[in-house]
Amino acid sequence: MNIYEKLIEVRKAVPFLQKDASGQQYKYNSSSQVIAAVRAKLDEMGLLLITELVSHNLLSETIELVDKDKPKKTTTYFTEIDLIMTWVNAENPDELIRIPWYAQGVDIAGEKGVGKALTYGEKTFMLKQFNIATDQMDVDAFQQRMERTVGKINSNAIAQLKSAWIGAGYNINLLSTRIKELYNCGINDLSEIQVDDLLAKIKGKRSESA
């Protein structure tokens, strides 16, 4: 396999992750959960991810407040980093994919900003690289939702189909009847393959008329 084919296999292995950690006001996917979900498949495919830090920026803000009648200062450190994330095919190390990436981390101690930014950057990179859906629903509920939507056409495809039908000189009121005859379903339940098939039939009829 080439490096692109291997990355696709990793993406197939992890379509969904349920949010496993809680913050003060929301739930989120922890870094350990995301990395654990893809690591075994990355090892199986012989893919290595190399993280290169190319630049960084540190901002700080100090806030003065009174805590139990005593003045107190709190400094927040905001770290920004620019990264290059490089995929390496271990079977062919000359086969590389380099991807620019950005991350940030917030810390009140000062020494953990870079580490937090790197951890957050790696997690978000994996989620976006492999198009991993995240939600608070459980895995079974997600699968059921996907089964209801996969393969169904969108409004643009429906509009294209209606336009082709009218353009061929057919009565628009007869389109639903024809779809029922050919595919035994309604227009909204057509798959992309069925739409392509019907468009080809309409195009063929127009060519015959010409």
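The values are calculated or read from the model by the stated rules, or taken from the named source; none is laboratory data. What you see is a predicted model; the values in this text were computed from it and never measured. Positions of Cβ are generated from backbone atoms using ideal geometry, with glycine treated the same way; all protein chains shown enter the neighbour counts.
For every residue, the table says whether it meets (1) loosely packed, with under 14 Cβ neighbours inside 10 Å; (2) assigned to a strand (DSSP E or B).
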| residue | (1), (2) |
| --- | --- |
| Val54 | yes, yes |
| Ile63 | yes, yes |
| Pro71 | yes, yes |
| Thr76 | no, yes |
| Glu80 | no, yes |
| Ile84 | yes, yes |
| Glu91 | yes, no |
| Asp94 | yes, no |
In this structure, does Thr75 turn out to be modelled with pLDDT of 95 or more and hydroxyl-bearing (Ser, Thr, Tyr)? no
Please go through segment 34-61 and give me each residue that is small (Gly, Ala, Ser) and under 11 Å from Asn89 (Cα atoms), ordered by number. Gly46
With Lys201, Lys152 as the choices, which residue is surrounded by fewer than 15 Cβ atoms within 10 Å (Cβ to Cβ) and at pLDDT 85 or above? Lys201
What pairs can you find where one residue is in segment 30-44 and farther than 27 Å from Met1 by Cβ, the other is not in a helix (DSSP H, G or I), and their Cβ atoms are less than 7 Å apart, with a gap of 6+ or different chains? Ser30/Asp20; Ser30/Ala21
Hey, could you check segment 105-134 for residues that are touching a Phe, Trp or Tyr at 6+ places or on another chain (Cβ under 6 Å) and modelled with pLDDT under 85 and say which is surrounded by the most Cβ atoms within 10 Å (Cβ to Cβ)? Ala133
Might you check whether a residue that is outside any strand (DSSP E or B), surrounded by fewer than 16 Cβ atoms within 10 Å (Cβ to Cβ) and modelled with pLDDT of 95 or more occurs anywhere in segment 15-37? no
